[in-house]
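The values are calculated or read from the model by the stated rules, or taken from the named source; none is laboratory data. Keep in mind the model is a prediction, meaning the values are calculated, not measured. Backbone-built Cβ (ideal geometry, glycine too); neighbour counts: all protein chains shown.
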Amino acid sequence: MPNGIFSFLKIAPDAQRITDQKEMRKSYRYWRLRVMYAMIFGYAGFYFVRKSLAVAMPVIEQEFNIPKAHLGLILTAFGVTYGISKFINGFAGDRTNPRYFMALGLIYSPITNSLFNSWRLF
């Protein structure tokens, strides 16, 4: 990845290998729960953002008078787009620093949802 605005996403160098068993257990004990909680809350945040369209569908139907068939097409397009983005982001996540890649996604997702929510203000 070239130096530039996204240079922080380049793959982190390998950590130094811990050979002392006592130090390894101490390090694993320290990081095990922290990493697990970060993954759980991070995935929950992504999943919460992903399900926002289905929750808004009844309001969209009433306010804009869109037929259910069209809303079904929108949901289908949303699901297909989500699946394609998971595929593409899987490759991108393998080639970047996952710590920053996930944080960037967690920051970008609510900002994008807020912009979609406030489109009437513009």
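Between PHE87, PHE64, the distinction of being surrounded by fewer than 12 Cβ atoms within 10 Å (Cβ to Cβ), farther than 23 Å from SER114 by Cβ and of a type in the set (A, V, I, L, M, F, W, C) belongs to PHE87 only. Within segment 62-73, not a single residue is under 30 Å from TRP31 (Cβ atoms) and either assigned to a loop (DSSP other than H, G, I, E, B) or aromatic (Phe, Trp, Tyr) (or both).
Report yes if SER114 is in a helix (DSSP H, G or I) and modelled with pLDDT under 80, otherwise no. For SER114, the condition - in a helix (DSSP H, G or I) and modelled with pLDDT under 80 - is met.
The rows are residues; the columns are (1) under 23 Å from ILE107 (Cβ atoms); (2) modelled with pLDDT of 90 or more; (3) touching a Lys or Arg at 6+ places or on another chain (Cβ under 8 Å).
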| position | (1), (2), (3) |
| --- | --- |
| LYS68 | no, no, no |
| LEU71 | no, no, no |
| TYR82 | yes, no, yes |
| ALA92 | yes, no, no |
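In segment 32-50, the condition of being of a type in the set (Val, Ile, Thr), surrounded by 10 or more Cβ atoms within 10 Å (Cβ to Cβ), within 23 Å of ALA103 (Cβ to Cβ) and modelled with pLDDT of 80 or more is met by at least one residue. When residues in segment 5-31 are screened for being loosely packed, with under 10 Cβ neighbours inside 10 Å and either in contact with a Gly (Cβ under 7 Å, 6 or more places away or on another chain) or assigned to a loop (DSSP other than H, G, I, E, B) (or both), 8 of them pass. Within segment 44-103, if we keep just the residues that are hydroxyl-bearing (Ser, Thr, Tyr) and free of Cβ contacts under 8 Å to residues at least 24 places away in the same chain, the residue that is farthest from ASP14 (Cα to Cα) turns out to be THR76.
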